[in-house]
């Protein structure tokens with residue numbers, strides 16, 4: 001029995017074949033959809049179809065695109081498939097730096113170090129190498145220092161549709177290292193919502 005080739009099945013096939021989020025514009029172009037609204041309608045149709053059939057996955061919008069995602073209740077079973085793979089962890093310094101960049105971007109190295117109180121060259125290099133942050137431009141300040149911001153990979157890794165969907169900073173840290181928030185000494189920067197409340201100071 002052959003499957004009729006329709007826009008719905010084309011989009012399904014593209015998302016199934018891709019291991020990264022596929023941008024809406026690309027999906028519209030390949031599938032020949034009339035508009036992004038038509039794409040949204042197709043995604044909704046597919047997700048309702050999956051729900052009615054009791055499928056264990058859905059199509060989600062993440063990091064500026066669309067991809068398949070296993071339902072949360074099956075996460076612990078999927079993890080056993082990849083139990084030999086260790087999830088990369090960041091040092092506390094890198095987590096602090098990542099949280100600051102996330103909530104105060106675009107921000108310069110000097111701005112980051114003013115908040116952390118210590119040199120941040122090493123954690124910045126680590127985050128750039130992990131493709132979690134990138135250079136987004138230069139400041140108009142004296143010397144025109146480079147400005148840093150998060151990447152699409154950052155959004156994809158945390159399953160975020162948009163930077164506006166960021167959780168609290170402590171939750172962000174625990175999401176990355178997979179552990180509970182550690183007790184901090186008084187001289188450590190607190191990764192909490194004070195970072196969010198002071199965004200205008202960047």
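The values are calculated or read from the model by the stated rules, or taken from the named source; none is laboratory data. What you see is a predicted model; the values in this text were computed from it and never measured. For neighbour counting, all protein chains shown are included, and Cβ atoms are generated from backbone atoms with ideal geometry for every residue, glycine included.
For the stretch 1-31, which positions are free of Cβ contacts under 8 Å to residues at least 40 places away in the same chain, outside any helix (DSSP H, G or I) and surrounded by 11 or more Cβ atoms within 10 Å (Cβ to Cβ)? Residue satisfying the conditions is 6 alone. Evaluated against (1) within 24 Å of residue 157 (Cα to Cα); (2) over 23 Å from the mean Cα position of the chain (by Cα), residue 47 falls short on exactly one condition, (2). Is the stretch 5-19 home to any residue that is at pLDDT below 90 and in contact with a strand residue (DSSP E or B) (Cβ under 9 Å, 6 or more places away or on another chain)? Yes - at least one qualifying residue is present in the stretch 5-19.
crowded, with 19+ Cβ neighbours inside 10 Å, in contact with a strand residue (DSSP E or B) (Cβ under 8 Å, 6 or more places away or on another chain) and touching a residue at least 40 places away in the same chain (Cβ under 8 Å) - does that describe any residue in the stretch 110-121? Within the stretch 110-121, not a single residue is crowded, with 19+ Cβ neighbours inside 10 Å, in contact with a strand residue (DSSP E or B) (Cβ under 8 Å, 6 or more places away or on another chain) and touching a residue at least 40 places away in the same chain (Cβ under 8 Å).
Picking from 68, 50, which residue would you name as being surrounded by 10 or more Cβ atoms within 10 Å (Cβ to Cβ) and closer than 24 Å to residue 164 by Cβ? Being surrounded by 10 or more Cβ atoms within 10 Å (Cβ to Cβ) and closer than 24 Å to residue 164 by Cβ holds for just one of 68, 50, which is 68. Please enumerate the residues belonging to the stretch 66-80 that are under 29 Å from residue 26 (Cα atoms) and at pLDDT 90 or above. Within the stretch 66-80, 66, 67, 68, 69, 70, 71 qualify. Applying the criterion of at least 2 residues that are modelled with pLDDT of 90 or more to the helices (runs of 4 or more DSSP H) found wholly in the stretch 81-200 leaves 92-104, 109-116, 121-129.
Taken as a whole, the structure places residue 96 among residues that are in the same structural domain as residue 160 (by TED's automatic domain parsing), crowded, with 16+ Cβ neighbours inside 10 Å and under 19 Å from the mean Cα position of the chain (by Cα). Scanning the stretch 32-54 for residues that are at pLDDT 90 or above and assigned to a loop (DSSP other than H, G, I, E, B), which turns out farthest from residue 71 (Cα to Cα)? It comes out as 53.
Could you please find all residues in the stretch 143-168 being in contact with a strand residue (DSSP E or B) (Cβ under 6 Å, 6 or more places away or on another chain) and at positive phi? Selection gives 144, 159.
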